[in-house]
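Since the structure comes first, as structure tokens, the remarks are kept for the end.
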Amino acid sequence: MGDVQMEVPERPLVSVVTPVYNGEPYLEECIESVLAQNYSNWEYIIVNNCSKDRTLEIAQEYAKKDKRIRVHDNQDFVGVIANHNIAFGLIAANSKYCKVVSADDWLLPECLSMMVGLAEAHPTVGIIGSYQLSGGGSNWRNWRVRWAELPYPSIVIPGRELCRLQLLGGPYVFGTPTSTLYRSNLIKGRNPFYPNAMPEADTSACYKCLQETDFGFVHQVLSYERIHENTISKTAKDLNAYLPSKINDLLAYGPSCMPQSEVETRLGELLDDYYRFLAVGAVNLRGREFWAYHQGRLKEFGYPLSGLKLCKAVSVKLIDLLLNPKKTVEILLSHIKAS
């Protein structure tokens with residue numbers, strides 16, 4: 001008898017997507033990190049959002065060299081989140097997993113193989129996270145490993161249980177799009193996949209998907225997030241877009257994974273935090289854009305800005321500054337420096 005040939009199962013297809021606008025400085029490094037994966041069954045979709053630099057040219061050059069790479073060129077400019085949703089809509093019908101890699105980030109060579117390996121071993125898992133190196137520039141203090149908040153080894157966490165913990169202020173491990181892998185059927189079943197136009201829409205998508213699936217986590221650094229002046233995360237940080245987003249997500253997804261009493265208690269805590277933050281903005285004389293943004297967000301989820309609450313929070317902050325003269329001097333010096 002001849003040797004019995006063992007049939008090697010085909011690795012599932014992974015759709016890698018990069019929505020990009022003016023990504024020339026870093027796009028080649030991003031693409032090269034996908035090409036360097038030790039997992040080969042992938043397609044790579046680069047969605048150019050009317051870039052004004054060499055982004056389209058760079059993407060097309062790589063597409064000519066590797067048939068797994070496809071380039072989509074938007075006819076009209078759209079917002080960042082809308083561009084992500086366009087990319088999600090382009091993944092192959094037979095794709096089993098979807099991996100976002102932002103144009104200024106990159107993946108370590110074992111990223112796809114380790115994330116897909118966990119997902120294949122645990123069919124109830126729909127979203128997989130991992131540690132991520134984050135930083136930029138030469139100052140070592142700006143570099144850190146993020147999302148290391150789950151005790152090791154926590155490989156699979158029930159979806160609703162994790163949502164409840166995070167909504168209550170517990171460990172945050174959803175990460176960024178570049179640190180996360182999605183099952184493609186979650187994306188194909190939702191249009192749009194990112195459910196709102198806010199910078200933190202990827203977090204909202206995780207809450208939404210984890211109502212029906214579990215969360216997996218690879219305790220390895222599998223990607224790099226580049227921090228620089230033009231990142232969407234920096235803009236969101238300047239406005240503290242994450243604080244109102246916590247309230248919005250609590251109201252949208254809290255009732256399905258926790259008692260109403262917990263929702264109401266947590267809501268009170270977040271609103272108190274919000275007004276303390278706004279009081280700091282008032283003391284620091286933040287401009288019209290700041291106040292327009294936060295007034296709009298509060299109104300959006302049904303809690304319009306209260307002048308009375310703001311005045312109380314400002315009074316408490318001013319008393320704190322009077323009792324801490326060093327902090328007061330530092331604030332004054334920062335205003336002088338900025339003017």
remark   = Selection from the stretch 95-116 of residues open to solvent by 10 Å² or more (accessible area, probe 1.4 Å) and part of a strand (DSSP E or B) yields 106
ask   = Restricting the first residue to the stretch 99-127 and requiring it to be within 20 Å of residue 163 (Cα to Cα), which pairs with a second residue that is among the charged types (D, E, K, R) and open to solvent by 10 Å² or more (accessible area, probe 1.4 Å) meet a Cβ separation below 6 Å and a spacing of at least six or different chains?
value = 124/214; 125/214; 126/183
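Given the criteria charged (D, E, K, R), modelled with pLDDT of 95 or more, in contact with a Cys (Cβ under 9 Å, 6 or more places away or on another chain) and under 28 Å from residue 119 (Cα atoms), does residue 190 qualify?
no
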remark   = Inside the stretch 167-212, the number of residues satisfying the requirement of being within 21 Å of residue 124 (Cβ to Cβ), touching a strand residue (DSSP E or B) at 6+ places or on another chain (Cβ under 7 Å), not aliphatic (A, V, I, L, M) and not in a loop (DSSP other than H, G, I, E, B) is 6
message = Just the residues that are crowded, with 21+ Cβ neighbours inside 10 Å and not polar (S, T, N, Q), please, taken from the stretch 168-182.
response = 173, 174, 175, 177, 181, 182
query = Which ones in the stretch 241-290 are under 30 Å from residue 158 (Cβ atoms), among the β-branched types (Val, Ile, Thr) and open to solvent by 30 Å² or more (accessible area, probe 1.4 Å)?
reply = 265
query = Applying the selection to the stretch 286-315, what residues are hydrophobic (A, V, I, L, M, F, W, C) and modelled with pLDDT of 85 or more?
reply = 290, 291, 292, 298, 305, 308, 310, 311, 313, 314
query = Considering only strands (runs of 3 or more DSSP E) fully contained in the stretch 1-94, which possess at least 3 residues that are open to solvent by 20 Å² or more (accessible area, probe 1.4 Å) and out of contact with any Gly (no Cβ under 6 Å at 6 or more places or on another chain)?
reply = 69-73
message = Which of the numbered conditions does residue 144 fail, given that it passes all the others? Conditions: (1) closer than 16 Å to residue 223 by Cβ; (2) open to solvent by less than 30 Å² (accessible area, probe 1.4 Å); (3) free of Cβ contacts under 8 Å to residues at least 60 places away in the same chain.
response = (2)
inquiry  = Take residue 181 and tell me if it is touching a Cys at 6+ places or on another chain (Cβ under 6 Å) and either closer than 24 Å to residue 90 by Cβ or at pLDDT 95 or above (or both).
reply    = no
The stretch 317-339, residues that are at pLDDT 80 or above and surrounded by 13 or more Cβ atoms within 10 Å (Cβ to Cβ) = 317, 318
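The values are calculated or read from the model by the stated rules, or taken from the named source; none is laboratory data. Computed from a prediction, not measured in an experiment: that's the story for all the values here. With ideal geometry, Cβ positions are generated from the backbone for all residues, glycine too; neighbour counts draw on all protein chains shown. Side chains included, ligands, DNA and RNA excluded: accessible areas come from the protein's heavy atoms. Shrake-Rupley method; radii C 1.70, N 1.55, O 1.52, S 1.80 Å.
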